[in-house]
Amino acid sequence: MMVECILLISSILFCSVSVYRARINTRQAIWQRMLDIANCAAGSVNGDILKTLKEEDVGTDKYKDLYDRLAVFRDNVELEYVYSIKKIGDKDYIFTMDLDQVDPASYGESVKFTEALDKAGSGAAAVDEVPYKDAWGEFYSAYSPVFDSSGNVAGIIAVDFSADWFDAQLSEQTRSNLISHGTILILSLLVGAVLSLLIVRPFVLYQGKLLEEKVLAESANHAKSEFLANMSHEIRTPINAMLGMNEMIINEDKRAQENIDGDVTIARDSLDNINSYAANVKKAGDNLLAIVSDILDFSKIEDGNLEITEAPYKLSSLLRGLNDMIRFKAQDKGLDFDINVERSIPENLYGDVVRIRQVLGNILGNAVKYTEKGSVKMSVTGDPQDDGRYMLTVVVRDTGIGIRSEDLPKLFTGFERLEMEKNSTLEGTGLGLVITKRLLDAMDGTISVESEYQKGSAFTVSIPQKILSVTPIGDFKASDESTIKRNEGLYESQTVEPAPVANKPLRAPSARILVVDDTKTNLVVLVHLLKKTMIRMDTASSGAESVAKAADTKYDLIFMDQRMPEMEGSEALHKIRATQGGASSDSPIVCLTADAVIGAREHYLAEGFSDYMAKPVDYESLEKMILKFLPAEKIESA
Ligand code: ADP
């Protein structure tokens, strides 16, 4: 807009100056025309005759000859009066002949003195630049000297033009100048506007955008640097705890060894300490893992790699999974935990259940994390929408620390943790709610918060879902205890429903499992974790080795690492499947990978893996996975 204004103002200024200059030029052109006429008239007169003209010559042939010559100008040119003048003294001029037919001045009558007249008396044609008024009206006069044969001024021929004629000429020229300049102005404005629209505006916008991007990049850079500094602290804290605890375990182990054959109480005390330090190592490890997962998820979302994968799912399975995940955490802190589900909500829905679980898990997790006493309650309700979808609304209410109203706007801003002085002992990155909000945005959902500081908070999440069948979920609490079933076909692919955990330790001595990983420690960890199951464990440290072993041996299950040199896990999977008559061509192959960012599970399932597990693995999930795939007859629960 600014550019257009500058263009408009400068065009108008330019045109005004041009019109003003044109008016001055027009004046000069009119004067020049008057002079030309005066010169022509003077040129038609014989100077020697004019010089000798006296009062008594009036009416003679000599007089008439002069008169007729000048009358041509009087009768044919737009001038008002034409007459001849003679200088008789300094600044003293008289009429010698006046061609006015109505009221001619008589010979010897004095002529009004002007500078221009005097100039002509000195031999140079001149014109009055200001009009003069007399008894005959208002005029501009042009004067031209007439020379005799010896080159002296013999007299002056004057032509008078009325001021009205002069003004009419001037206005006509000015009008046509205005029209032509106006046309030029409009045309140049049009050209300017087109240029501005096509070139200047995009250029200016581009410059503005560059500037805006620069500012954004700088502030993003600043936020990232701040984030890195924070993360460095967040990551170092659990690592510090782990290394410290490990050091203490080593010391206690030494103490136990030294006293094993002596003071048994000391040895036992050391073993107890080792146990408690190891539990702390696990806690710090879990914390570290949560931080790393959040960071990876966040950076994946920031890169725009967030895909929503919709599929059929059972609402009760989703809620049961959440219940299992949160109930124990709440119980550990002595909190009441309760899920209330409206009976009429359809059980079979269609949506991205993995993301929904992540969203609700995050909010429930926060509710437990930021509540010291009281309860965490989740209520699930729903509403059919006009567009045929179903609006699932989940409210998570806690009686925790609450959030100050001035802090509410910061909740969904990346890397913001509130009340750091109070919460510094609680692990977290400040990314959970940002991730939650982005996930909801991608699913067309919303989140809102109501909170009273030091009283509690209520997070409300609404997500539109498609309905697969109107069968209602019914009494969720009753179904909760009774309906955990495995292998529900259609809905199993989403693996929302946790596999049943055996009550007794798993034993499967007749089963055979292959673990593939290029990192030796990972193989050692897995083999040792599963030692007590008595399953026969084989290992392969490359994709090629796993393909060869799978061709020869029938495995009940294969755990396949993904990132390996030479042959990646996915390639090995395809090769095993493609081996004609291979002993394990049809065996279940589970992807066991450190690639654990959002979307990784979907990616590997689409590759053809039977299931997916993220590293680091814990025994419980490993056992669940084995139970899911091992033939039932090979499982002996000890
Ligand atoms: P964090 O990893 O720190 O939990 P979140 O993004 O999940 O990150 O939450 C951001 C901040 O919002 C938390 O640090 C906490 O201060 C506040 N917050 C989130 N949920 C609650 C809650 N239920 N009650 C009180 N404060 C909360």
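The values are calculated or read from the model by the stated rules, or taken from the named source; none is laboratory data. For clarity, every value in this text was computed on a predicted model and none was experimentally measured. Methodologically, a virtual Cβ is constructed for each residue, glycine included, from the backbone with ideal geometry; neighbour enumeration extends over all protein chains shown.
Below is a table of values for the structure above.
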| quantity | calculated |
| --- | --- |
| Residues that are more than 16 Å from the ligand (Cβ to nearest atom) and crowded, with 19+ Cβ neighbours inside 10 Å, drawn from segment 382-397 | Gly382, Tyr390, Leu392 |
| The one condition in (1) more than 20 Å from Asp517 (Cβ to Cβ); (2) free of Cβ contacts under 8 Å to residues at least 40 places away in the same chain; (3) within 36 Å of the chain's Cα centre (by Cα) that Asp595 fails to fulfil | (1) |
| Qualifying positions in segment 457-475 - touching a Ser or Thr at 6+ places or on another chain (Cβ under 6 Å) and among the aliphatic types (A, V, I, L, M) | Ile473 |
| Filtered residue count, segment 57-75, keeping only those that are hydroxyl-bearing (Ser, Thr, Tyr) and surrounded by 13 or more Cβ atoms within 10 Å (Cβ to Cβ) | 2 |
| Residue match in segment 364-383 (condition: among the acidic types (Asp, Glu), touching a strand residue (DSSP E or B) at 6+ places or on another chain (Cβ under 9 Å), touching a residue at least 60 places away in the same chain (Cβ under 8 Å) and farther than 26 Å from Glu302 by Cα) | no |
| Qualifying residue in segment 75-98 (condition: part of a helix (DSSP H, G or I) and aromatic (Phe, Trp, Tyr)) | no |
| Whichever residue in segment 37-56 is of a type in the set (A, V, I, L, M, F, W, C) and part of a helix (DSSP H, G or I) and, among such residues, is surrounded by the fewest Cβ atoms within 10 Å (Cβ to Cβ) | Cys40 |
| Those residues of segment 366-381 which are in a helix (DSSP H, G or I) and either closer than 12 Å to Arg397 by Cα or away from the ligand (no atom under 13 Å from the Cβ) (or both), in sequence order | Asn366, Ala367, Val368 |
| Qualifying residue in segment 239-252 (condition: touching a residue at least 60 places away in the same chain (Cβ under 8 Å) and surrounded by 12 or more Cβ atoms within 10 Å (Cβ to Cβ)) | no |
| Index of the failed condition, Gly400 passing every other in (1) more than 12 Å from the ligand (Cβ to nearest atom); (2) outside any helix (DSSP H, G or I) | (1) |
| Hits in segment 1-49 - residues which are modelled with pLDDT of 90 or more and either hydroxyl-bearing (Ser, Thr, Tyr) or touching a Pro at 6+ places or on another chain (Cβ under 8 Å) (or both) | Ala42, Ser44 |
| Ile326 vs. criteria within 30 Å of Met231 (Cα to Cα), at pLDDT below 90 and not in a strand (DSSP E or B) | no |
| In segment 135-149, the residues that are part of a loop (DSSP other than H, G, I, E, B) and either of a type in the set (Val, Ile, Thr) or touching a Gly at 6+ places or on another chain (Cβ under 9 Å) (or both) | Asp148, Ser149 |
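Residue by residue, here is whether (1) more than 27 Å from Gly285 (Cβ to Cβ); (2) under 48 Å from the mean Cα position of the chain (by Cα); (3) among the aliphatic types (A, V, I, L, M); (4) surrounded by 18 or more Cβ atoms within 10 Å (Cβ to Cβ) holds:
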| site | (1), (2), (3), (4) |
| --- | --- |
| Leu523 | no, yes, yes, yes |
| Leu530 | no, no, yes, yes |
| Ala540 | no, no, yes, yes |
| Ala548 | yes, no, yes, no |
| Leu573 | yes, yes, yes, yes |
| Gly581 | yes, no, no, no |
| Ser587 | yes, no, no, yes |
| Cys591 | no, yes, no, yes |
| Phe609 | no, yes, no, yes |
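Conditions (1) touching a helix residue (DSSP H, G or I) at 6+ places or on another chain (Cβ under 6 Å); (2) surrounded by fewer than 17 Cβ atoms within 10 Å (Cβ to Cβ); (3) among the aromatic types (Phe, Trp, Tyr); (4) more than 30 Å from Lys51 (Cβ to Cβ), marked per residue:
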| site | (1), (2), (3), (4) |
| --- | --- |
| Ser149 | yes, yes, no, no |
| Asp167 | no, yes, no, yes |
| Arg175 | no, yes, no, yes |
| Leu185 | yes, no, no, yes |
| Leu197 | no, yes, no, yes |
| Leu210 | no, yes, no, yes |
| Asn221 | no, yes, no, yes |
